[in-house]
Amino acid sequence: MVGENRTLGSLIRILRQERGWTLRQMSERVGIPLSTLAKVEADKLSLTYDKLQQLTSRVGLSMAEFLAQADHTSSAKSAPPLVTARRSVSGTGNSVFVSTPNYDYEYLCADLRQKRMVPLLTRIRAHDIEEFGKLVFHKGEEFIYVLEGTIEVHLQFYTSLVLTAGQGIYLDSTMGHAYLTKDCDSALVLGICSSEDDNLASELITLAESEATQGT
């Protein structure tokens with residue numbers, strides 16, 4: 001039923017490790033007892049077809065996709081790593097600037113297109129959350145590091161917090177968020193936004209331009 005030299009237990013273990021789950025976390029997600037999963041991974045027990053269908057559907061895979069892991073992992077081990085050899089140096093002439101009512105953005109390393117990590121400098125000028133407007137959200141994750149001044153971070157699901165120069169925060173960008181200055185005219189932060197989507201930079205710039213238009 002599974003690929004050559006691959007057991008059901010090894011495929012489940014590969015899937016679990018790729019998702020970064022413990023056995024307990026996988027058990028809770030797929031609705032199969034922890035003790036049963038442990039025995040299956042150790043090749044001491046198998047699953048009925050119905051239980052296997054339950055497992056694959058709850059992790060978002062078809063049966064064919066689940067079983068194809070055997071071929072995928074074998075080819076991945078034999079294939080050489082892909083080296084893109086891309087590089088970009090930030091500096092004058094290699095940035096895109098966008099100003100909005102709340103922020104002044106400088107998107108760095110602009111000559112590199114289709115990148116999954118977007119570095120930017122942001123001058124924060126907003127002081128009040130009411131004036132700021134709706135919280136911002138977009139795909140991916142981001143890290144913000146304060147270079148100058150003090151900022152107040154507002155998040156959709158958390159109490160706001162204050163960060164000073166030398167402090168940073170990593171967050172889920174799909175959660176509503178806003179950065180405001182705190183007890184200063186403006187603050188400067190270095191940001192890194194990341195996503196599996198290699199069009200992230202274009203989408204972020206489009207979002208910023210839309211904010212700028214709304215503020216005029």
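The values are calculated or read from the model by the stated rules, or taken from the named source; none is laboratory data. Keep in mind the model is a prediction, meaning the values are calculated, not measured. Quick reminder, even Gly has a Cβ in these numbers, built from the backbone with ideal geometry, and neighbours come from all protein chains shown.
Kindly check whether there is at least one residue in segment 57-71 that is modelled with pLDDT of 85 or more, of a type in the set (Gly, Ala, Ser) and in the same structural domain as Ile14 (by TED's automatic domain parsing).
Yes; the residues of segment 57-71 include at least one that is modelled with pLDDT of 85 or more, of a type in the set (Gly, Ala, Ser) and in the same structural domain as Ile14 (by TED's automatic domain parsing).
Only residues that are modelled with pLDDT under 75, among the polar types (S, T, N, Q) and under 24 Å from the mean Cα position of the chain (by Cα): list them for segment 72-100, please.
Start the filter on segment 72-100 by keeping residues that are modelled with pLDDT under 75, which leaves 72-84.
The next check asks that each one be among the polar types (S, T, N, Q); those that pass are 73-75, 78, 84.
Within segment 72-100, Thr73, Thr84 meet the criteria.
Provide a single number: the residues in segment 27-40 that are without any contact (Cβ under 8 Å) to a residue 12 or more places away in the chain and part of a helix (DSSP H, G or I).
The number of residues fulfilling the criteria is 6.
From Leu161, Leu135, Leu155, which residue is under 24 Å from the mean Cα position of the chain (by Cα), without any contact (Cβ under 8 Å) to a residue 12 or more places away in the chain and more than 12 Å from Gly191 (Cβ to Cβ)?
Details: Leu135 fails: without any contact (Cβ under 8 Å) to a residue 12 or more places away in the chain; Leu155 fails: without any contact (Cβ under 8 Å) to a residue 12 or more places away in the chain.
Of Leu161, Leu135, Leu155, the one residue that is under 24 Å from the mean Cα position of the chain (by Cα), without any contact (Cβ under 8 Å) to a residue 12 or more places away in the chain and more than 12 Å from Gly191 (Cβ to Cβ) is Leu161.
Let me confirm something: among Leu15, Leu23, which residue is among the hydrophobic types (A, V, I, L, M, F, W, C) and either modelled with pLDDT under 85 or over 19 Å from Ala64 (Cβ atoms) (or both)? If you could, list the steps in order and put the result at the bottom.
Details: Leu15 fails: either modelled with pLDDT under 85 or over 19 Å from Ala64 (Cβ atoms) (or both).
Just one listed residue meets the conditions, Leu23.
Quick one: which of Ser194, Ser186 is over 27 Å from Leu112 (Cα atoms) and in contact with a strand residue (DSSP E or B) (Cβ under 8 Å, 6 or more places away or on another chain)? Quick ask: steps written out before the conclusion?
Working: Ser194 fails: over 27 Å from Leu112 (Cα atoms).
Step by step, each of Ser194, Ser186 is checked, and only Ser186 is over 27 Å from Leu112 (Cα atoms) and in contact with a strand residue (DSSP E or B) (Cβ under 8 Å, 6 or more places away or on another chain).
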